[in-house]
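Just so it is clear, none of the values below were taken in a lab; they were calculated from the coordinates. Keep in mind that what you see is a predicted model, and the values were worked out from it rather than measured. Because the Cβ atoms are built from the backbone with ideal geometry, glycine has one as well, and the counts that use them run over all protein chains shown.
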Amino acid sequence: MSSVSIGMIVAGVLIMGWVIFTYNRLVVIRQNVRESWSAIETELRRRYDLIPNLVETVKGYAGHERETLEAVVQARNTASAAPATPEQQSAAQSLLGGALTKLIALSEAYPDLKANENFKQLESELTDTETRISQARRFYNANVRELNSSIETFPTVLLAGPLGFKGQAYFGLDDPAAGQPVKVSF
């Protein structure tokens with residue numbers, strides 16, 4: 001064999017090794033994005049499960065605040081039924097965050113409600129859940145940034161499209177205030 005043939009074989013092996021390495025790396029990053037999205041869905045589910053209990057507790061003290069309570073329930077139902085894409089979830093979560101803020105603000109008008117142990121516990125769990133959602137969202141967005149950067153940089157961009165890798169959308173919120181944990185001060 002000539003040195004040209006050996007050179008071509010070595011180049012072919014190196015290129016094939018690079019393709020395999022790049023593909024495997026992109027698969028790992030894509031799995032990280034999927035895992036981090038699953039973490040967001042878990043925390044959102046926890047949030048959805050807490051809301052009916054919180055609403056029922058508030059109803060006992062502020063039953064005549066029907067409009068606010070119905071808005072919270074409607075926003076919760078809309079958010080829990082929203083398709084699982086980051087863009088659609090972002091819009092639904094913005095509405096829900098606004099409704100929850102109004103619900104928590106109601107507690108200021110009812111001193112007996114603020115003193116209720118069940119309400120305090122639910123409010124604390126909801127605040128913790130909001131913090132967890134925020135952390136999960138940051139983790140997801142970091143993974144999306146890594147995936148999007150990887151598939152858009154040269155030379156990986158040459159392989160990403162043909163191998164079926166697509167950029168993912170960030171999970172943001174339309175209303176910046178909705179992304180903040182529910183602030184409660186008693």
Listed highest first by mean packing, meaning other Cβ atoms within 10 Å per residue, what order do 5-12, 30-37, 162-169 come in?
-> 30-37, 162-169, 5-12
Net charge of neighbours whose Cβ lies under 9 Å from the Cβ of Ala160, counting Lys and Arg as +1 and Asp and Glu as -1 = 0
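Any number yet on Rg/Rh for the chain, C-alpha, Kirkwood?
Working: Rg = 23.9 Å, Rh = 19.2 Å.
Rg/Rh for the chain comes to 1.25.
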Please determine, in degrees from 0 to 90 and to the nearest 10, the orientation of helix 86-106 with respect to the longest principal axis defined by the Cα atoms of the chain, where the helix direction is its Cα long axis.
-> 20 degrees
Give the angle, between 0 and 90 degrees and rounded to the nearest 10, that separates the Cα long axis of helix 66-81 from the longest principal axis of the Cα atoms of the chain.
-> 20 degrees
Point-charge dipole on Cβ atoms (K/R +1, D/E -1) for the chain, about Cα centre, debye to 20 | 580 debye
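Could you order peptides 144-157, 41-54 by the average number of other Cβ atoms within 10 Å of their residues, highest first?
Top of the packing list down: 41-54, 144-157.
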Once Lys and Arg get +1 and Asp and Glu get -1 on their Cβ, which of Ile133, Val33, Phe165 lies farthest toward the positive end of the dipole of the range 3-177?
-> Phe165
Taking all pairs of different Cα atoms in the range 14-104, averaging 1/r and flipping that mean, what Kirkwood radius in angstroms comes out?
-> 15.5 Å
Against the longest principal axis of the chain, how steep is helix 3-62, in degrees 0 to 90 to the nearest 10, with axes from Cα atoms?
-> 0 degrees
